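These notes concern the structure reproduced below.
The values are calculated or read from the model by the stated rules, or taken from the named source; none is laboratory data. Remember, it's a predicted structure, so these values are computed and weren't measured experimentally. Here Cβ is always computed from backbone atoms with ideal geometry, including for glycine, and neighbour counts include all displayed protein chains. Remember, those area values only see protein heavy atoms, side chains included, never the ligands or the DNA or RNA. Shrake-Rupley method; radii C 1.70, N 1.55, O 1.52, S 1.80 Å.
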Amino acid sequence: MQHFVPASLIAVFALSATAWAQAHAGANDSAYVRVFDNCTAYQAEDEPVHFSDCAGFAGWTVHIVAGEHGAAVAYSRRGKEAQWGENPPRAGVFQDLGQVMEWRLDASGAPFATIYRSIFTGFEPGDGGQYLTVSALRPDGEVGACHVAYVEAAQQPGANQIARDAADYLAPGWQCGIDEPIVLDLDSELDVLTIAAQRRPGH
C-alpha cells in the first residue's frame, strides 16, 4: 500500500528546515590556509610513503600521508590522535590534495570544521573527479577530527556552498565514531538543511 505525502506538507517541512538551520548557523566565518607552505616532511623507511605535519589554524596541526596513488588527512592539537582511515569516494587512480584548506569559524573565531579538496585523475584525459571533504574538529575528543560529508565538486553546481552548509549545520552535532560520513552529489535525495533538521533531538 503506497502512502502519498501532500506537496503542501513537504513544502512546510522544507521551509521549517531552512528556518531552523538559518537560526542555528550564527555568524560563522572562514579562514583560508595554504596547507603545504609550512610543513615538516619525512618519508617512511623502505616505502614510497611521505608524511607531512603542517601548520593549520589556531594551534591545529594538519597531518598528511601521501603515497603513489592517494593521500589522507588527519588533524590534532595534542598529537597524532586523529584517524587516517576515512577518505572520499575514489573517482580516479591518482589523488592530489588542493593547496588551500578552508577552516570554518564560529562567532568566537574558533575553528569547528574544515573543508579541503581532493582531485582525482586517471590514465586518460578527462578521467577522474573532485570531492570536497568536510571534517568536524574535536579538540577535546578522543580523536582530533572525523569526516562529516563528501561533496562531489566536479559537476555539482554550488559545491563550495554545499560544503560550507554541511560544516555549519552538521559538523557541530556530528558524533565522531558513530555517524558515518554522507555523500552529497547530484543523486542525493536530501539536501543539507533537511538532513540537519531531521537530526534535531526528537526527530
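Tabulated results
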| quantity | calculated |
| --- | --- |
| Residue selected from the stretch 143-169 under the condition surrounded by fewer than 21 Cβ atoms within 10 Å (Cβ to Cβ) and in a loop (DSSP other than H, G, I, E, B), by the criterion modelled with the lowest pLDDT | VAL143 |
| Members of the stretch 170-190 that are surrounded by 15 or more Cβ atoms within 10 Å (Cβ to Cβ) and either among the charged types (D, E, K, R) or out of contact with any His (no Cβ under 7 Å at 6 or more places or on another chain) (or both) | LEU170, ALA171, PRO172, TRP174, CYS176, ASP179, ILE182, LEU184, ASP185, SER188 |
| SER135 being polar (S, T, N, Q) and open to solvent by less than 20 Å² (accessible area, probe 1.4 Å) | yes |
| Selection count where residues are open to solvent by less than 60 Å² (accessible area, probe 1.4 Å), of a type in the set (Gly, Ala, Ser), within 28 Å of ALA27 (Cβ to Cβ) and in a loop (DSSP other than H, G, I, E, B), scope the stretch 64-123 | 4 |
| Test: residue in the stretch 195-203 that is at pLDDT below 95 and of a type in the set (S, T, N, Q) | yes |
